[in-house]
Amino acid sequence: MNTPTGPTGPTGPADFTGPTDSTGPTDSTELTRPPDPAEATLTTGGARPVLRFERVLARPPEAVWRAITDREELKAWFPSEVIADAWEPGAEISFPFPGTDMTLTGTVLEAEEPHTLAYTWGEETLRFTLTPEPDGRTRLVFTDETPPDIAARNAAGWQICLGHLAGQTVAADAWKSHFDRYSAAFEPALGPQQGPPAGS
């Protein structure tokens with residue numbers, strides 16, 4: 001992840017109810033499972049480590065799909081702007097970071113509305129899987145295939161971003177405590193963890 005603090009835009013109504021099952025992939029060689037179900041699960045054993053988050057949102061899949069694809073709705077929680085040619089495989093995406101000269105690029109890998117969305121984000125691969133739940137809710141599983149040395153920083157940032165997506169109030173200093181906790185958990189498997197990018 002390329003910025004550690006998460007978005008600062010407006011959030012929607014509080015709708016985070018927490019996951020009821022945090023099972024992860026079964027083909028991993030290592031699995032770091034957090035005590036708090038709102039936190040990331042780290043899976044290793046593939047080409048790169050994978051961070052996995054799970055949330056149950058009090059909105060139907062169609063509404064969550066808009067939140068993860070609509071440019072204006074993304075500003076409420078995603079850490080950069082998202083400008084997509086189209087949400088279809090092969091479409092190009094740009095990710096400018098407001099207030100900086102940095103812009104990442106990506107490509108849509110998979111898009112099945114309103115169930116699955118995957119794309120590259122710079123050198124990372126992000127995937128969203130939406131599953132209907134009773135009472136008009138949606139189970140969101142989000143994964144980030146990340147370089148190993150920035151896994152802790154990414155996990156901390158995504159935890160904050162997903163809090164914004166869920167309408168939570170996130171403390172301004174929350175990133176540092178998340179990062180410290182993830183660094184301690186991940187370093188035995190992944191090695192030393194980088195802190196925030198220079199200038200952030």
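The values are calculated or read from the model by the stated rules, or taken from the named source; none is laboratory data. Remember, predicted model here, so these are calculated numbers, not experimental data. With ideal geometry, Cβ positions are generated from the backbone for all residues, glycine too; neighbour counts draw on all protein chains shown. The area values use the complete protein model at the heavy-atom level, side chains included, leaving out ligands, DNA and RNA. Shrake-Rupley method; radii C 1.70, N 1.55, O 1.52, S 1.80 Å.
Ranked by the mean number of other Cβ atoms within 10 Å of their residues, highest first, the peptides 117-126, 83-92, 103-112 come out as 117-126, 103-112, 83-92.
Could you work out Rg/(2.2 N^0.38 Å) for segment 37-98, with Rg from alpha carbons only?
Details: Rg = 14.3 Å, N = 62, 2.2 N^0.38 = 10.6 Å.
Relative to the 2.2 N^0.38 Å estimate, segment 37-98 comes out at 1.35.
Summed over all non-identical Cα pairs, the Kirkwood treatment of segment 31-142 gives a radius of 15.0 Å. Residues SER94, SER183, sorted by accessible area with the largest first, give SER94, SER183 [1.4 Å probe; ligands and nucleic acids excluded].
Which parts of segment 40-57 would a label at LEU104 reach, counting a residue when its backbone N lies under 16 Å from a point 7 Å out along Cα-to-Cβ? Counting backbone N atoms under 16 Å from the label point, the list is 48-53. P(r) for segment 71-200, from all Cα pairs and a bin width of 10 Å, is 11, 37, 38, 13, 0 %, short bins first. Residue by residue, segment 124-131 carries 3J(HN,Hα) couplings of 9, 10, 10, 9, 10, 10, 10, 10 Hz when phi is fed to the Karplus relation 6.51 cos²θ - 1.76 cosθ + 1.60 (θ = phi - 60°); x denotes Gly or Pro.
With q set to 0.13, 0.22, 0.30, 0.33 Å⁻¹, the log10 of I(q)/I(0) for segment 112-161, from the Debye formula over equal scatterers at the Cα positions, is -0.38, -0.85, -1.14, -1.22. The stretch between GLU112 and SER94, if pulled fully straight at 0.36 nm per residue, gains 4.5 nm over its current Cα-Cα span. Close amide H pairs (under 5 Å, H built 1.01 Å from N) link MET102 with PHE97, residues at least 5 positions away or on another chain. The amide H of ALA91, built 1.01 Å from its N in the peptide plane, has VAL108 as neighbours under 5 Å, considering only residues 5 or more places off or on other chains.
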